[in-house]
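Accompanying notes for the structure given below.
The values are calculated or read from the model by the stated rules, or taken from the named source; none is laboratory data. This is a predicted model, so every value here is computed, not measured. Virtual Cβ from ideal backbone geometry, glycine too; neighbours counted across all protein chains shown. The protein model used for the area step is the full one, side chains on, heavy atoms only, and it has no ligands, DNA or RNA in it. Shrake-Rupley method; radii C 1.70, N 1.55, O 1.52, S 1.80 Å.
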Amino acid sequence: MAENGGVACKCTERGIYGFRGARFDKRSRIRKNLRNVSMIPLFKHNGLFIWRSIAANNCIFSMDAREKSRSTTLETPGHKRVPIFVMMPVDSFGIDTSGAPRIRRIKALTMSLKALKLAGVHGIAVEVWWGIVERFSPFVYNWSLYEELFKLISESGLKLHVALSFHSNMHSSSRVKGGVSLPLWIVEIGDLNKDIYYRDQNGFSNDDYLTLGVDELPLFCGRTALQCYEDFMFSFINKFESFIGSVIEEISVGLGPSGELRYPAHPFGDGRWRFPGIGEFQCYDKYMMRDLKIAACQEGKPQWGDKGPQNAGYYNSLPSGAPFFEEGQESFLSDYGRFFLEWYSGRLIRHADAILTKAANMLKKYQESKKSSVLLVAKIGGIYWWYHTLSHPAELTAGYYNTALRDGYDPVASMLSRHGAALHISCLEMMDNETPPTYLCSPERLLQQIWTVSKKRIVHLTGRNTNERFDKAGLWQIHANCYHPQAEAVRSFTYFRMNEKIFRAENWNNFVPFVRKMSTDM
């Protein structure tokens, strides 16, 4: 879910780059000793070339015989090939001071793409931002940045996973430079009407994504939110039709904050929430409250539509401090609790169903073609803390009606199955023994549950890591999860994400064998 930073070590060698900062006086010696890594001459001093890697201020090794021998830690019995996509850097493109979209540091990016291709990476995952393409006016789509970027990636011999992103990353805690807001004309509407965004019980709004309460309301220059998403997808497919199925192999459609099908119950960028808080229900905009009132009246309990649960704690509460998530007469087990959670989770699934119906119809001809097939993908959040409790409170506030007594992911998988969409899950690098035992976490049990429902509903899985991992233990855990012993291998894995740390020698030497192991038919 959140971009949580990473655990990579800092490189201590700076100033001179190459093998342990060594200097070389002949390019031939460089090429002889370095394979699969592009190097850039930094400057020439006293007749000697001083080289640096494509990731400035860092060292890169090639994988020689010693690294190959160490890579045997990733070996397993025969398996199916799992393509590796690497997510673009978070700050790789944006809006310049003139308001025009542009790619930042394009030369360094080009060299990075070449290095990843030589390492065996299959493709690049790219977020296609609504807030960049339809930035200034409705129906005015500027695809120039993505035309340039897709051409660059294609010419590097790499494929594409495209993430159509209807959210903002302005509040992302890992944001390096700038950020991408929602389209400015949407922001202007939101300045006048905060209820187009999700609200919590105290009235605070989250402007990262439009509330699903406006899905069918013509509040956006005569269009509903669903029509805005549909028009954007239609424009994208028209513009890049020649790429779809050949270069573009996967298209994920944004369904919520961070592109994931969930409510913004754990806002990690504005200080309201911190791990392992249970989060808060996000249904207090006037449009969702109106819908709740209607649902309650239809249930014959109009009093249930006045508000959400009043005993569900706050963002940073623990389950023991919130009666709604315990066992009792006014808990999630009560008639009211079941009604509310059915409505809250059901509206989220209905939201995804409506968007994916439109996407699947547009991509139908590509999905049915063997020569130019494309995989439709939907992302869900990896909410793994408090998993070992009866109520699973962090999942409930995010919109997954998943408890120890009810499988909340089966309805999601069933909906995706109807559209032929794959389910994208994070946390593939996580291990239970690396999480704080006090918080009753279980990323491994969560993944097992997802495996089970995907097999039952015949839904393909794709995945990614949540935190940066370059160590062998983390990479091995990803490998093990991608090749689950009781289910089909994942269709693809997205490494989250490309940055300068991935090219550091100590990280690159683990990453390259991992990619090659995942990307080789056995």
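I'd like the full set of residues that are of a type in the set (Ser, Thr, Tyr) and either touching a Gly at 6+ places or on another chain (Cβ under 7 Å) or in contact (Cβ under 8 Å) with a residue 12 or more places away in the chain (or both), limited to the stretch 82-116.
Narrowing the stretch 82-116 to residues of a type in the set (Ser, Thr, Tyr): 92, 97-98, 110, 112.
Correct list: Ser92, Thr110, Ser112.
When residues of the stretch 464-475 are filtered for being surrounded by 19 or more Cβ atoms within 10 Å (Cβ to Cβ) and assigned to a helix (DSSP H, G or I), how many remain? Lay out the reasoning, then the answer.
Just the residues of the stretch 464-475 that are surrounded by 19 or more Cβ atoms within 10 Å (Cβ to Cβ), to begin with: 464-466, 468-470, 474-475.
The next check asks that each one be assigned to a helix (DSSP H, G or I); those that pass are 474-475.
The number of residues fulfilling the criteria is 2.
Can Glu134 be described as open to solvent by 40 Å² or more (accessible area, probe 1.4 Å), modelled with pLDDT of 95 or more and over 18 Å from the mean Cα position of the chain (by Cα)?
Numbers: open to solvent by 40 Å² or more (accessible area, probe 1.4 Å): no; modelled with pLDDT of 95 or more: yes; over 18 Å from the mean Cα position of the chain (by Cα): yes.
No.
When both residues are 6+ apart or on different chains and their Cβ atoms are under 6 Å apart, which pairs have a first residue that lies in the stretch 440-460 and is touching a residue at least 24 places away in the same chain (Cβ under 8 Å), and a second that is assigned to a helix (DSSP H, G or I) and acidic (Asp, Glu)?
Cβ pairs passing all conditions: Ser442/Asp432; Val453/Asp410.
Can you tell me which residues in the stretch 113-125 are open to solvent by 10 Å² or more (accessible area, probe 1.4 Å), not in a loop (DSSP other than H, G, I, E, B) and not basic (Lys, Arg)?
Answer for the stretch 113-125, where residues must be open to solvent by 10 Å² or more (accessible area, probe 1.4 Å), not in a loop (DSSP other than H, G, I, E, B) and not basic (Lys, Arg): just Leu118.
Ser331 is checked against (1) in contact with a helix residue (DSSP H, G or I) (Cβ under 7 Å, 6 or more places away or on another chain); (2) open to solvent by 10 Å² or more (accessible area, probe 1.4 Å); (3) closer than 18 Å to Thr397 by Cβ and fails just one. What number does that condition carry?
(2)
For Ile294, indicate whether it is under 27 Å from Phe139 (Cβ atoms), outside any loop (DSSP other than H, G, I, E, B) and either open to solvent by 50 Å² or more (accessible area, probe 1.4 Å) or touching a residue at least 60 places away in the same chain (Cβ under 8 Å) (or both).
Working: under 27 Å from Phe139 (Cβ atoms): no; outside any loop (DSSP other than H, G, I, E, B): yes; either open to solvent by 50 Å² or more (accessible area, probe 1.4 Å) or touching a residue at least 60 places away in the same chain (Cβ under 8 Å) (or both): yes.
For Ile294, the condition - under 27 Å from Phe139 (Cβ atoms), outside any loop (DSSP other than H, G, I, E, B) and either open to solvent by 50 Å² or more (accessible area, probe 1.4 Å) or touching a residue at least 60 places away in the same chain (Cβ under 8 Å) (or both) - is not met.
Those residues that are open to solvent by 10 Å² or more (accessible area, probe 1.4 Å), out of contact with any Lys or Arg (no Cβ under 7 Å at 6 or more places or on another chain) and part of a loop (DSSP other than H, G, I, E, B), I need them from the stretch 246-259; list them, please.
Ser246
Within the group Val187, Val214, which residue is open to solvent by less than 50 Å² (accessible area, probe 1.4 Å) and closer than 29 Å to Arg104 by Cβ? Steps first, answer last, please.
Numbers: Val214 fails: closer than 29 Å to Arg104 by Cβ.
Going through Val187, Val214 in turn, just one is open to solvent by less than 50 Å² (accessible area, probe 1.4 Å) and closer than 29 Å to Arg104 by Cβ: Val187.
Please give the helices (runs of 4 or more DSSP H) falling wholly within the stretch 126-211 in which 2 or more residues are acidic (Asp, Glu).
Details: elements: 130-133, 144-155, 184-192.
Hits in the stretch 126-211: 144-155, 184-192.
Would you tally the residues in the stretch 386-423 being aliphatic (A, V, I, L, M) and assigned to a loop (DSSP other than H, G, I, E, B)? Break it down into steps so the answer makes sense when it comes.
Here is the first cut: in the stretch 386-423, the residues aliphatic (A, V, I, L, M) are 390, 394, 396, 398, 404-405, 412-413, 415-416, 421-423.
From the residues that got through so far, the ones that are assigned to a loop (DSSP other than H, G, I, E, B) too are 390, 404-405, 421.
Residues that pass the stated criteria total 4.
Yes or no, residue by residue, for (1) surrounded by fewer than 23 Cβ atoms within 10 Å (Cβ to Cβ); (2) part of a helix (DSSP H, G or I); (3) of a type in the set (A, V, I, L, M); (4) at pLDDT below 95:
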site: Arg445; (1), (2), (3), (4): yes, yes, no, no
site: Thr462; (1), (2), (3), (4): no, no, no, no
site: Asn481; (1), (2), (3), (4): no, yes, no, yes
site: Gln486; (1), (2), (3), (4): yes, no, no, yes
site: Ala489; (1), (2), (3), (4): yes, no, yes, yes
site: Thr494; (1), (2), (3), (4): no, no, no, no
site: Arg497; (1), (2), (3), (4): yes, no, no, yes
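Given the criterion at pLDDT below 95 and of a type in the set (S, T, N, Q), identify the matching residue among Gln303, Gln329, Gln298, Gln310.
Values: Gln303 fails: at pLDDT below 95; Gln298 fails: at pLDDT below 95; Gln310 fails: at pLDDT below 95.
Testing whether each residue is at pLDDT below 95 and of a type in the set (S, T, N, Q) leaves just Gln329.
Can you find a residue that is of a type in the set (Ser, Thr, Tyr), in contact (Cβ under 8 Å) with a residue 40 or more places away in the chain and under 23 Å from Val187 (Cα atoms) anywhere in the stretch 121-137? Quick ask: steps written out before the conclusion?
Start the filter on the stretch 121-137 by keeping residues that are of a type in the set (Ser, Thr, Tyr), which leaves 137.
Going one step further and asking which of them are in contact (Cβ under 8 Å) with a residue 40 or more places away in the chain, we end up with 137.
Checking which are under 23 Å from Val187 (Cα atoms) leaves us with 137.
Taking every residue of the stretch 121-137 in turn, at least one turns out to be of a type in the set (Ser, Thr, Tyr), in contact (Cβ under 8 Å) with a residue 40 or more places away in the chain and under 23 Å from Val187 (Cα atoms).
For Lys107, all conditions in the list (1) modelled with pLDDT of 95 or more; (2) out of contact with any strand residue (DSSP E or B) (no Cβ under 6 Å at 6 or more places or on another chain); (3) in a helix (DSSP H, G or I) hold save one; what is the number of the exception?
If we test Lys107 against (1) modelled with pLDDT of 95 or more; (2) out of contact with any strand residue (DSSP E or B) (no Cβ under 6 Å at 6 or more places or on another chain); (3) in a helix (DSSP H, G or I), just (1) comes out false.
Per-residue answers, yes or no, for (1) over 30 Å from Ile244 (Cα atoms); (2) assigned to a helix (DSSP H, G or I); (3) in contact with a Phe, Trp or Tyr (Cβ under 7 Å, 6 or more places away or on another chain); (4) not basic (Lys, Arg):
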{"residue": "Ser317", "(1), (2), (3), (4)": "yes, no, no, yes"}
{"residue": "Gly328", "(1), (2), (3), (4)": "yes, no, no, yes"}
{"residue": "Gly346", "(1), (2), (3), (4)": "yes, yes, no, yes"}
{"residue": "Thr357", "(1), (2), (3), (4)": "no, yes, no, yes"}
{"residue": "Leu376", "(1), (2), (3), (4)": "no, no, no, yes"}
{"residue": "Tyr384", "(1), (2), (3), (4)": "yes, no, no, yes"}
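If the Cβ limit is 9 Å and pairs must be 6+ apart or interchain, which residue in the stretch 340-357 that is within 19 Å of Pro257 (Cβ to Cβ) pairs with which residue that is among the basic types (Lys, Arg)?
Final answer for the pair search is Leu348/Arg262; Asp353/Arg418; Leu356/Arg418.
If I filter the stretch 375-389 down to residues being open to solvent by 10 Å² or more (accessible area, probe 1.4 Å) and over 19 Å from Thr435 (Cβ atoms), which single residue comes out as modelled with the highest pLDDT?
Out of the qualifying residues, it is Lys379.
So, of the residues in the stretch 406-437 that are without any contact (Cβ under 8 Å) to a residue 24 or more places away in the chain and closer than 25 Å to Glu327 by Cβ, which turns out to be least open to solvent (accessible area, probe 1.4 Å)?
Once the filter is applied, the top-ranked residue is Asp432.
For the stretch 138-160, indicate whether the set of residues that are farther than 18 Å from Val247 by Cβ, within 18 Å of the chain's Cα centre (by Cα) and either in contact (Cβ under 8 Å) with a residue 40 or more places away in the chain or surrounded by fewer than 18 Cβ atoms within 10 Å (Cβ to Cβ) (or both) is non-empty.
No - not one qualifying residue is present in the stretch 138-160.
Would you tally the residues in the stretch 499-522 being part of a loop (DSSP other than H, G, I, E, B) and not aliphatic (A, V, I, L, M)? Full working, then the answer.
Taking the stretch 499-522 as the starting set, the residues that turn out to be part of a loop (DSSP other than H, G, I, E, B) are 499, 504, 519-522.
Add one more test, that the residue is not aliphatic (A, V, I, L, M), and what stays is 499, 504, 519-521.
Number satisfying all stated conditions: 5.
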